1. Please state the charge dipole magnitude for the chain, taken about the Cα centre, from unit charges on C-beta atoms (+1 on K and R, -1 on D and E), reported in debye and rounded to the nearest 20.
2. If we count other beta carbons within 10 Å of each Cβ, what is the order of Met96, Met1, fewest first?
3. As I understand it, the dipole of the chain uses +1 on the Cβ of Lys and Arg and -1 on the Cβ of Asp and Glu, about the Cα centre. Which of Tyr11, His98, Ile33 lies farthest toward its positive end?
4. For His58, His119, what ranking results if the residue with the fewest other Cβ atoms within 10 Å of its Cβ goes first?
5. Within the chain, which complete DSSP H helices have Cα atoms spanning at least 15 Å along the helix axis and a mean Kyte-Doolittle hydropathy of 0.5 or higher?
6. What's the longest uninterrupted piece of the chain once you rule out the trypsin sites (Lys or Arg not before Pro) that are loop residues per DSSP with at most 16 other Cβ within 10 Å?
7. So between Leu4 and Ile31, what do we pick up on full extension, going 0.36 nm a residue minus the alpha carbon distance?
8. Among Gly47, Gly112, Gly67, whose mean-square fluctuation peaks in a Gaussian network model of the chain (Cα, cutoff 10 Å)?
Amino acid sequence: MSPLGHLATTYIIAFAFSVIFNVQMSWYELILILIFANFIDFDYLIGRIFGKKGEAHHGFITHTPFGVFILWLIFVFTVFYNSSVEIKVLLLITMMAHLVLDEIQYILYRAGIQPDTPHKQINWLYPIHKHKPKQLERKKAKEIAQKMKPLLISESVIILIAILLFVWNWVS
Ligand SMILES: [Zn+2]
């Protein structure tokens, strides 16, 4: 999923969470949630330094539930130490949701919605079990990108919903 798609989904989850559980959230906290829910994608830059491109960073420890949990603990005791328990829980939910969204292509494929993209991204059971995400050749990656219509459509819808919610929240 694109960074914009990640931001949109984080916003929708944060919005729904605050409405359902009646959680008070400041604009400052919302912005922090948007940033730190997607913080793990900075491992992309680290990957680039070591010559790894594309989705290879999904195979790093930072893109596992284990790594996310460790980072969440660090964030909770540093950036979010002043926030309510609800906001801390919301941060964990949005960070884990990031992993699900990075796997969405494979999930859609398994559900029979997305054709021919059978490459798993996330090491869900790390450190108990670890698979190496396949580095796709450029040609194959291009072929797959052309078949990603269901994913692109659902991502566009998510971004549109997030924008509408944001505007509605802003004016009301
Ligand atoms: Zn990611």
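FYI, it's all coordinate maths here, none of it is from the lab. In this text the structure is predicted, and so the values were computed from the model without any measurement. Because the Cβ atoms are built from the backbone with ideal geometry, glycine has one as well, and the counts that use them run over all protein chains shown.
1. Details: 15 positive and 11 negative charges, 159 e Å.
Dipole of the chain, to the nearest 20 debye: 760 debye.
2. Met96, Met1
3. His98
4. Lowest count first: His119, His58.
5. Correct list, ordered by number: 3-20, 65-77, 85-102, 149-171.
6. The segment 54-129 is the longest one with no such site.
7. Roughly 8.3 nm would be gained on extension.
8. Of Gly47, Gly112, Gly67, the most mobile in the Gaussian network model is Gly112.
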